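The structure appears below as structure tokens.
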Amino acid sequence: MTRPEELLRRWVLDQAGPEAGWAAQSLDTLAKSGQARDLYIFMGLAPRRLGKADLRLGPDDLAAAETARPGWSPAGWSIDGAARVLALLIFPTQRPFAELFKDLRRTADVAELIALYRGLPLYPEPESLDFEVGEGLRSNIRAVFEAIAHDTPYPRDHFDDHRWNHMVLKALFVDTRLTPILGLRERANPELARILVDYAEERLAAGRPVPEDLWIPLSPFREDPKVASLLRRAGQEEALS
Amino acid sequence: MMLIDPHAHMISRTTDDYQAMADAGVVALIEPAFWVGQPRTYVGTYVDYLSSIVGWERFRAGQFGIRHYCTVGLNSKEANNEELAEGVMEWLPRFALKEGVVAIGEIGYDEQTALEDRYFRLQLELARELALPVMVHTPHRDKKRGTSRSMDVCEEHGLDPGMVIIDHNNEETVAETLQRGFWAGFSIYPSTKMGNARMVEILRQYGGERIIVDSACDWGISDCLGVAKTAQLALERGIPPETVERVCYRNALEAYGQSGQMAEEDWLNPPAIDQRTLYAGNSILRGGREPHIETPDDRRARRLLID
């Protein structure tokens, strides 16, 4: 099995064109030096040298990603974002990983934030990033929120029910889709169902549409009278069957 | 006509302003790091401010289809707080290479003190090391001398005048700024800086070469449509459209584009990831349109003149 950092390195270098030499050398230096300054500079130079194009990935690449880390999908990652996550993965440090992450997150620009949070399923000591993930989820920058919530196994595997439920609710509030959230069915729970029923009733009372994918986490509770009544009122009887 | 406002402190402005600017044809703007009115007393608040202008504010602008760039630096007023200044100087290199940072600025003199001079020079050295343009804030008081002195110091530190934008010029300073080869910024700011009728006369006299118009809109009484209104007034008063396009769009792009962080592509053909996540506008549809600031209900559009 190829490790995620090997895959990232291959994808970045394959697509780096004339900058491949620079990228390979910088990454090698970074892996040896352990100097924070080198890491900051690499993070800053990544989009300048490599550009911001989407990674070109074929079905084989996506399959390799799935094997390397079940649930991880690099589809839609950009080359600079991939290089930044890679740098963080290979950077040797004595500091706890969460501290290093925080140091970078505090001063991150938008694209850096997106990259840092997209890397979540790949980092060591995932439980220690609890606070950092909370900071990202509170962001009103939708793309940052989506970097945590969409197409990644991290929330499913590491969030407690409270955080999970509020992530789903916030997704509705920031007008983003629920379907790319991994574990939407498995992590359905009665408290979330209650929250979503309240939310949907509020929407209906205000004459606003209810997003369709809201029924996914509700469907396991379709026997519940409140859920059933709501589904009927919203014209979603088929979700009842 | 596509417009750029190369000096706008959007952190102090509302979404109405973003909307009005987008409607008026502003496709990109530059937010220089500045004094927010209330002096900062912790290095950390300054650091978070810099994070805001490379992060949150960039996102906010993108929602209105405006590309947001910024400059980072220690402003002249706060340079006088030595403890703060030393701390900020340690952090600046980490921000100077962030995405969308097009210059070190706005830096320069306020009261022309020894501390202002020290941090101005240190930041000029940083800009030179990183090959970034510089946005120079010229003082409101003792302006003429302060402006000359700012250019002297830039030359002393070996900066190419073509990499330096001297901002807040007026009739008294423009000749020297242009003659010495610097870019000459003009802030169309009611009462204290430049009015747009005066600006039009300057364009008539000097043409468009190396002249840049900005609004400098901030927390004070100022007009985020300064560039759009100036463009419209200039066209009405017979300034050639090519000149107007240069001073309200092209020159800013050329000057700050030297950072490698700002290109027409950013708004005409943005990368896929930005189109999905960060950039709501479709400015291609707006391209080629005349500055549009006359919606009937818009209180601020009634007056074209900025005194």
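Please identify every one of the trypsin sites (Lys or Arg not before Pro) in region A:141-218 that sits in a loop by DSSP and has no more than 15 other beta carbons within 10 Å of its own beta carbon. Write down the numbers at each step before the final one.
Numbers: sites: A:R142, A:R156, A:R163, A:K170, A:R177, A:R185, A:R187, A:R194, A:R203; in loops: A:R177, A:R185, A:R187.
Those that pass, being in a loop and sparsely packed, are A:R177, A:R185.
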How long are the three semi-axes of the equivalent ellipsoid for the protein assembly as shown, computed from the Cα gyration tensor as the root of 5 times each eigenvalue, in whole Å, largest first?
45, 30, 20
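Scanning chain A for GluC sites (Glu not before Pro) in DSSP loops with at most 15 other Cβ atoms within 10 Å, what's the longest stretch left with none? Mind dumping the intermediate values first?
Numbers: sites that count: A:E186, A:E223.
With GluC sites (Glu not before Pro) excluded where exposed in loops, chain A gives A:1-185 as its longest stretch.
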Of all the stretches in chain B, which is the longest one without any exposed loop site, taking chymotrypsin sites (Phe, Trp or Tyr not before Pro) in a DSSP loop (any state but H, G, I, E, B) with at most 15 other Cβ atoms within 10 Å?
B:43-218
Among the lysines, which fall within straight-line cross-link reach of B:K144, defined as a Cα-Cα distance under 17 Å, with same-chain neighbours fewer than 8 residues apart omitted?
B:K193
Compute the relative contact order of region B:3-77 as a whole-number percentage, counting only Cα pairs closer than 8 Å that sit 6 or more residues apart in sequence.
40
Using R₀ = 41 Å, calculate the FRET efficiency as 1/(1 + (r/R₀)^6) where r is the Cβ-Cβ separation of B:T45 and A:K226; round to 0.05.
0.30
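Which FRET efficiency value, to the nearest 0.05, is calculated for B:K144 and A:D103 with the Förster distance at 45 angstrom and r the Cβ-Cβ distance?
Values: r = 45 Å, r/R0 = 1.00.
The formula returns an efficiency of 0.50 here.
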In Hz, Karplus ³J(HN,Hα) per residue of region A:8-14 (6.51, -1.76, 1.60; θ = phi - 60°; x = Gly, Pro)
4, 4, 5, 4, 5, 5, 4
Point-to-point label distance, B:E82-B:Y206, nm (Cα→Cβ direction, 7 Å offset):
3.7
What translational diffusion coefficient, to the nearest whole µm²/s, does region A:1-100 have by Stokes-Einstein, given a Kirkwood radius computed over alpha-carbon pairs, a temperature of 4 °C and 1.567 mPa s viscosity?
94
Around B:V164, which amide H atoms from residues at least 5 apart in sequence, or from another chain, sit under 5 Å from its own amide H, with H modelled in the peptide plane?
B:V134, B:W183
With DSSP loop assignment and no more than 16 other C-beta atoms within 10 Å, the trypsin sites (Lys or Arg not before Pro) in region B:85-143 are B:R141
Scan around B:C217 for amide H atoms under 5 Å from its own, H built in the peptide plane at 1.01 Å from N, and keep only partners 5 or more places away or cross-chain.
B:H9
Low-density loop positions, trypsin sites (Lys or Arg not before Pro), region A:1-62 - DSSP coil, at most 10 other Cβ in 10 Å
A:R56
Which listed residue (B:Q63, B:L74, B:V47) has the Cα farthest towards the positive end of the charge dipole for region B:32-78, taking +1 on Lys and Arg C-beta and -1 on Asp and Glu C-beta about the Cα centre?
B:Q63
So which cysteines of the protein assembly as shown have no other cysteine's Cβ under 4.7 Å from theirs?
B:C70, B:C154, B:C248
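How large is the helix-only mean residue ellipticity at 222 nm for chain B, computed as the sum of -39500 (n - 2.57) over DSSP H runs with n ≥ 4, divided by its residue count, in deg cm²/dmol to the nearest 500? Spell out each step's value before the answer.
On the way: 14 runs with 129 residues, N = 307.
The helix contribution divided over chain B gives -12000 deg cm²/dmol.
Which FRET efficiency, nearest 0.05, do A:D157 and B:L304 yield, Cβ-Cβ r, R0 41 Å?
Working: r = 59 Å, r/R0 = 1.44.
Plugging the Cβ-Cβ distance into 1/(1 + (r/R0)^6) gives 0.10.
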Enumerate the calculated ³J(HN,Hα) couplings along region B:179-188 in order (Karplus 6.51 cos²θ - 1.76 cosθ + 1.60, θ = phi - 60°), each rounded to whole Hz, writing x wherever the residue is Gly or Pro.
5, 7, x, 7, 6, 10, x, 10, 9, 7
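Across the residues of B:265-277, average count of Cβ atoms on other protein chains within 10 Å?
4
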Per-residue mean of C-beta atoms belonging to partner chains within 10 Å, peptide B:51-59
5
Say each of A:K32 and A:I90 gets a label point 7 Å from the Cα, pointing the same way as Cα to Cβ; how far apart are those two points in nm?
1.2
Answer in debye to the nearest 20: the dipole magnitude of region A:2-80 about its Cα centre, from +1 Lys/Arg and -1 Asp/Glu charges placed on Cβ, is 260
Extending each Cα 7 Å along its Cβ direction at A:S128 and B:S12, get the distance between those two points in nm, one decimal.
4.3
Backbone HN-Hα couplings from phi across region B:231-241 [Karplus 6.51/-1.76/1.60, Hz, Gly and Pro as x]
4, 5, 5, 4, 5, 4, 9, x, 6, x, x
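Per-residue ellipticity at 222 nm for chain A, helices alone: DSSP H runs ≥ 4 residues times -39500 (n - 2.57), over residue total, nearest 500 deg cm²/dmol? It would help to have the intermediate numbers written out before the result.
On the way: 14 runs with 145 residues, N = 241.
It comes out at -18000 deg cm²/dmol, rounded to the nearest 500.
Read the figures in this text as sums done on the coordinates, not as results from a lab. For clarity, every value in this text was computed on a predicted model and none was experimentally measured. Reconstructed Cβ throughout: ideal geometry from the backbone, glycine too, with neighbour counts over all protein chains shown.
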